[in-house]
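Structure in structure tokens, see below.
Every number in this text was worked out from the coordinates using simple rules, so none of it is lab data. Predicted model, so just to flag it, every value in this text is computed and none were measured. Cβ: placed from backbone, ideal geometry, glycine included. Neighbour counts: every protein chain shown.
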Amino acid sequence: MPVDESRLSGFFKLSVEERRAKVAQLANLSQEQVDALAMHGELSEDSADRMIENVIGTMSLPVGVATNFLIDGSPYLIPFCVEESSVVAAASNMAKRCLVKGGFRTSSDEPIMIGQIQVLGLEDPDSAGEAILTAKYELMAMCNSLPSTMIKLGGGCKDIQVRYIDTMSGKMLVIHLLVDTRDAMGANAVNTMTELISGKVEDITGGRVHLRILSNLASNRLAKVEATFTPEELSNGGSRDDGSKIITGILEAHHFAMADPYRAATHNKGIMNAISAVALACGQDWRAIEAGCHAWAAVESGQYTSMSRWSRDDEGNLVGRLETPMAVGTVGGASKVHPAARANLAILGVGSAQELAGVIAAAGLAQNLGAMRALATSGIQAGHMKLHARNMAVSAGAIGDEIERVATIVNSQSGPVTQQLVKQTLEELRK
């Protein structure tokens, strides 16, 4: 796909069918994938019944495409599955504003997941830990004896580490299996390994193995992204002075989030608006990703803080960085079971789990800046409520062309857009 084709000028003006056809053409989607995106309930009841228990139906959410993303020199159309208005628009807007500086630059760690084994009832946890390290190659060989495509592709258990933690139940030995899961998220493989060697661990330590489970704090599997924004690109009209003032406001907002957990929670929610939306669209375990991201935000400093880092460089540009755990996969799980997830991965066109991790991190950084720029300028509600007006019109009972007419009227008025105002506007329109 040519570099400029992710821009899709005027994309928002097209009908849903026209947008879908345009994306299908650019991403070379099959008719089956196009049909999956077009179905209001793209997941059949039979497929849903195989995914979870007690299925009674399915629930759909909108899938939108964020445009303008240039990541490591390649253009991307990024599918977002999210119900909140303004998220896709804000991410697309910010992605456009860093094109002049080459877009987003990413790097991702090797896909190493951590499996934890909790060992209790030890008279001497330190000696038990030393015994585990002495036997680690034997234990790794046991892990890698599993018949697994992941291991055949060069993955598998790569190291074993030990930790000692003081708890309300006494001192515990915790064994970490470091497992290269290749292009899989890897939960099932890691959990299988922890269970496989538990008996041997008990023989070696003389203790009792209790929990055997992976950790969603994937600290060895970080996705890293950086982008640079000029004052001119961040300004409202191309003015460097105006852009510099906006950068100052953004940095003040960021410093607030760095210092205050109450602000950081909302700040980071803005980042997750994109990370979770892309993960969900691509069939990832977005709850695991959220848990890892939020935990990592507290690990480094000992206090929950901003996931992102923003600064001003020597040229006066705004530089944003995001480094966070990103346990994603392009094989296995819902990414291969859900037809829309397969179609969305085809739109992205990623070739590996590491590439997917970088794209998701870039979306998170863009969304973070979109929220901070809005807060530092017109306030978050101005743009959000303008896009949300149609939803409010539907909630008030508008149907058909009433929806757009009511939204247009309330958005043209000064002052806040409230549900009461929308209701009154609908009533007057009908009179």
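Run the numbers on the chain and let me know its relative contact order in percent, using alpha-carbon pairs under 8 Å that are six or more apart. Don't skip to the answer; put the middle values down first.
Working: 791 pairs, mean separation 79.9, N = 431.
Once divided by the residue count of the chain, the mean separation gives 19 percent.
Please list, or write none, the aspartates and glutamates whose alpha carbon is within less than 13 Å of the alpha carbon of residue 22, excluding same-chain residues fewer than 8 places away.
Correct list for residue 22: 5.
Across 10 Å bins from the origin, how do the percents of Cα pairs in region 208-279 run, short distances first?
15, 28, 33, 14, 6, 3, 1
Shifting gears a bit: Tell me the angle of helix 380-395 to the major Cα principal axis of the chain, expressed in degrees between 0 and 90 and rounded to the nearest ten.
80 degrees
Here is a further query. Going by C-beta contacts inside 10 Å, put 219, 44 in order with the fewest on the left.
Numbers: 219 16, 44 12.
With the sparsest Cβ surroundings first, the list reads 44, 219.
Pick from 376, 91, 274 the residue whose mean-square fluctuation is largest in a GNM of the chain, springs joining Cα atoms under 10 Å.
376
Next question, about the same structure. Quick one: helix 16-27 against the long Cα principal axis of the chain, what's the angle to the nearest 10°, folded into 0 to 90?
So the inclination is approximately 50 degrees.
Return the unpartnered cysteines for the chain, using a Cβ-Cβ cut-off of under 4.7 Å.
81, 98, 282, 293
What does the net charge come to around residue 351 if you take all other residues with beta carbon closer than 14 Å to its beta carbon, with K and R at +1 and D and E at -1? Write down the numbers at each step before the final one.
Values: positive: 182; negative: 72, 183, 355.
That sum, taken over residues with Cβ under 14 Å, equals -2.
How far, in nm, would the chain grow between residue 412 and residue 34 when pulled straight, counting 0.36 nm per residue and subtracting the alpha carbon separation? Present the calculation step by step, with values, prior to reporting the outcome.
On the way: separation 378, 0.36 × 378 = 136.08 nm, distance 3.66 nm.
Net length gain for the segment: 132.4 nm.
Of 158/224; 224/336; 152/336; 269/431; 269/336; 224/245, which sit over 31 Å apart, Cα to Cα?
Values: 158/224 22 Å; 224/336 26 Å; 152/336 20 Å; 269/431 42 Å; 269/336 28 Å; 224/245 27 Å.
Too far apart for the 31 Å limit: 269/431.
So, one more: Just 16, 174, 88 to compare: in a GNM of the chain, with alpha carbon springs under 10 Å, which one fluctuates most?
Of 16, 174, 88, the Gaussian network model singles out 16 as fluctuating most.
Under 5 Å between amide H atoms, partner at least 5 residues away or on a different chain: which partners does residue 305 have, H built in plane at 1.01 Å?
It is 298, by chain and number.
Calculate the spin-label point distance for residue 169 paired with residue 153, positioning each point 7 Å from the Cα along the beta-carbon direction, and give it in nanometres.
3.5 nm
So what's the chain giving for Cα Rg divided by 2.2 N^0.38 Å, two decimals?
Values: Rg = 24.5 Å, N = 431, 2.2 N^0.38 = 22.1 Å.
Relative to the rule-of-thumb radius for its length, the chain sits at 1.11.
What list of ³J(HN,Hα) couplings, whole Hz, do you get for region 143-151 from phi and the Karplus terms 6.51, -1.76, 1.60, once you set θ to phi - 60° and write x for glycine and proline?
Those phi angles translate into 4, 8, 7, 5, x, 9, 4, 4, 6 Hz.
Here is a further query. Taking R0 as 51 Å, what's the FRET efficiency between residue 54 and residue 251 from their Cβ-Cβ distance, rounded to 0.05? All intermediate terms of the calculation are to be shown ahead of the outcome.
Details: r = 49 Å, r/R0 = 0.96.
The formula returns an efficiency of 0.55 here.
For the residue pair residue 399 and residue 419, what label-to-label distance in nm results when each label sits 7 Å from Cα along the Cα-to-beta-carbon direction?
That separation, rounded to one decimal, is 2.1 nm.
Going Cα to Cα from residue 171, which lysines come in below 25 Å? Please leave out same-chain ones fewer than 8 positions away.
136, 200
Starting from the amide H of residue 66, placed 1.01 Å from N in the peptide plane, find each other amide H under 5 Å away whose residue is 5 or more places distant or on another chain.
Answer set, sorted by chain and number: 78, 80.
Something else about it: Using the Karplus equation 6.51 cos²θ - 1.76 cosθ + 1.60 (θ = phi - 60°), what ³J(HN,Hα) coupling, rounded to whole Hz, does each residue of region 354-359 give in order, writing x for Gly and Pro?
Calculated HN-Hα couplings, in order: 5, 5, 4, 4, x, 5 Hz.
Continuing with this model, one more query. Report the net charge of residues surrounding residue 113, where surrounding means a beta-carbon distance below 13 angstrom and charges are Lys +1, Arg +1, Asp -1, Glu -1.
Values: positive: 158, 182, 221; negative: 109, 110, 159, 180, 183, 285.
Local charge sum for residue 113: -3.
Can I ask one more? If you fit an axis through the alpha-carbon atoms of helix 339-348 and take the longest principal axis of the Cα set of the chain, what angle between them do you get, 0 to 90°, nearest 10?
For 339-348 against the chain, the angle is about 80 degrees.
Give me the net charge of residue 191's neighbourhood, meaning all other residues with Cβ under 14 Å from the Cβ of residue 191; Lys, Arg count +1, Asp, Glu -1.
On the way: positive: 212; negative: 195, 285.
Net of charged neighbours comes to -1.
Here is a follow-up. Tell me which residues come under 5 Å, amide H to amide H, from residue 71 once H is placed; ignore anything under 5 positions away on its chain.
76, 104
Nearest 20 debye, what's the magnitude of the dipole of the chain about its Cα centre given +1 on Lys and Arg Cβ and -1 on Asp and Glu Cβ? Present the calculation step by step, with values, prior to reporting the outcome.
On the way: 38 positive and 48 negative charges, 166 e Å.
With Lys and Arg at +1 and Asp and Glu at -1, about 800 debye.
From the backbone phi of region 225-238, what are the Karplus-calculated ³J(HN,Hα) couplings (6.51 cos²θ - 1.76 cosθ + 1.60, θ = phi - 60°) in whole Hz, Gly and Pro given as x?
Computed from phi, the couplings for region 225-238 are 9, 9, 8, 10, 10, 7, x, 4, 5, 8, 6, 7, x, x Hz.
Something else about it: Add -39500 (n - 2.57) for each DSSP H run of 4 or more in the chain, then divide by its residues: what number comes out at 222 nm, to the nearest 500 deg cm²/dmol?
On the way: 19 runs with 213 residues, N = 431.
Value at 222 nm, helices only, nearest 500: -15000 deg cm²/dmol.
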